[in-house]
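Laboratory data are not the source of any read-out in this text; all were calculated from the coordinates shown. This one's a predicted model, so the numbers in the text were calculated from it and none came from an experiment. All Cβ positions, glycine included, derive from the backbone under ideal geometry; neighbour counts span all protein chains shown.
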Amino acid sequence: MLAMRQVQLFRNNGFLRLPNRLPPALVEDLKVAIMADIAGEVEPVVRNRDGRAVRISALMDRAPIFREAAAHPSALDPLESLLGPNIEVLINRHNHATLRTSGENKRDALHRDVKQWTRNIFTIIFYLEETTVENGCTRIVPGSHHFPGVPMSIHNSDWARDVLGQALPVPMPAGGMLVIDSMVIHGPGENHTDDTRMSMTVGYHSVDELMDIPNPKRLLVRGEGVYNGNDESGKRQKQPRMNADEWREAGKYGMGARTRAVARVGEG
Ligand SMILES: O=C(O)CCC(=O)C(=O)O
């Protein structure tokens with residue numbers, strides 16, 4: 001769990017270095033799994049200009065080790081202090097691992113993951129190799145998650161242009177994790193070495209307590225599926241809470257299926 005001061009820093013600045021690291025053995029196994037899928041060009045992959053695979057997507061559908069890392073207590077315990085007890089991983093945002101070589105350096109790499117003040121996400125970047133200013137550590141404009149929404153790219157927004165020069169480098173050790181508010185302006189720096197700078201990016205939500213349709217593009221990794229809407233009785237619903245299996249099952253049946261799915265599970 002995070003201390004109150006750490007939570008406060010995260011709320012103010014839009015990012016926080018998590019206090020613990022992934023265990024070294026897990027980091028090594030993740031690197032092996034990533035390099036195996038890069039070498040085998042296991043789709044879906046993103047290629048660089050030369051056609052070389054530099055990113056693997058859909059991590060949660062690959063080797064179980066990726067789910068293990070995304071749900072590791074050193075990531076979820078502090079996240080619980082920010083998102084509460086019921087946490088989902090997003091399958092349709094991030095969910096990728098990237099090599100970031102000097103071949104992919106981009107001038108306009110700074111961006112927001114979420115453009116508007118709608119339903120924000122928090123993102124953890126898992127660094128599998130040490131990142132430094134030299135090899136292109138993450139850069140962040142502190143506090144920029146408080147600024148207005150943007151229609152598309154921040155590079156078309158007047159206020160964003162005024163602050164892009166304020167991006168600060170955030171070096172991280174191998175196994176280190178950085179949690180960001182995904183409205184904060186951030187992006188990888190340029191890699192000026194011959195080595196890779198390997199990282200994994202995973203987005204998280206709290207369970208949407210006003211949504212009784214479990215979303216198949218979310219993976220419950222901590223706590224329960226909950227629903228607190230007041231649509232049926234006019235009062236806040238007191239419905240059964242669902243564990244991860246029940247929640248996933250309910251997602252298969254669509255609209256209004258929450259109660260039916262609970263009944264089905266109950267029927268066994
Ligand atoms: O690796 C980084 O420094 C930033 C990662 C990022 O912005 C992303 O994967 O969307």
For the charge dipole of the chain, defined by +1 on Lys and Arg C-beta atoms and -1 on Asp and Glu C-beta atoms about the Cα centroid, which residue among 105, 221, 154 has the Cα displaced farthest towards the positive pole?
154
How big is D for the range 4-206, in µm² s⁻¹ as a whole number, if Stokes-Einstein is applied with the Kirkwood radius of its Cα pairs at 10 °C and 1.306 mPa s?
92
Does anyone have the angle between helix 4-13 and the longest principal axis of the chain? Alpha-carbon axes, 0 to 90°, nearest 10?
60
With the 8 Å Cα cutoff and a minimum separation of six or more residues, the chain has a relative contact order in percent of 24
Where nothing but the Cβ of Lys and Arg (+1) and of Asp and Glu (-1) is charged, how large is the charge dipole of the range 32-162 around its Cα centre, in debye to the nearest 20?
440
Where q = 0.11, 0.15, 0.19 Å⁻¹, what log10 of I(q)/I(0) comes from the Debye formula for the range 1-94, counting one point per Cα?
-0.43, -0.74, -0.99
About the Cα centre, charge dipole magnitude for the chain (Lys/Arg +1, Asp/Glu -1 at Cβ), debye:
580
By the mean-Cβ-within-10 Å protection proxy, highest first, 87-99, 45-57, 188-200 rank as 87-99, 188-200, 45-57
Take each of the peptides 142-155, 205-218, average the number of other beta-carbon atoms within 10 Å over its residues, and list them starting from the highest.
205-218, 142-155
Between the range 165-185 and the range 1-34, the Cα center-to-center distance that results, in Å:
10
Ranked from fewest to most other Cβ atoms within 10 Å of their own Cβ, 162, 37 fall in the order 162, 37
Angle check, please: helix 24-39 long axis (alpha carbons) against the longest principal axis of the chain (alpha carbons), in degrees 0 to 90, nearest 10.
80
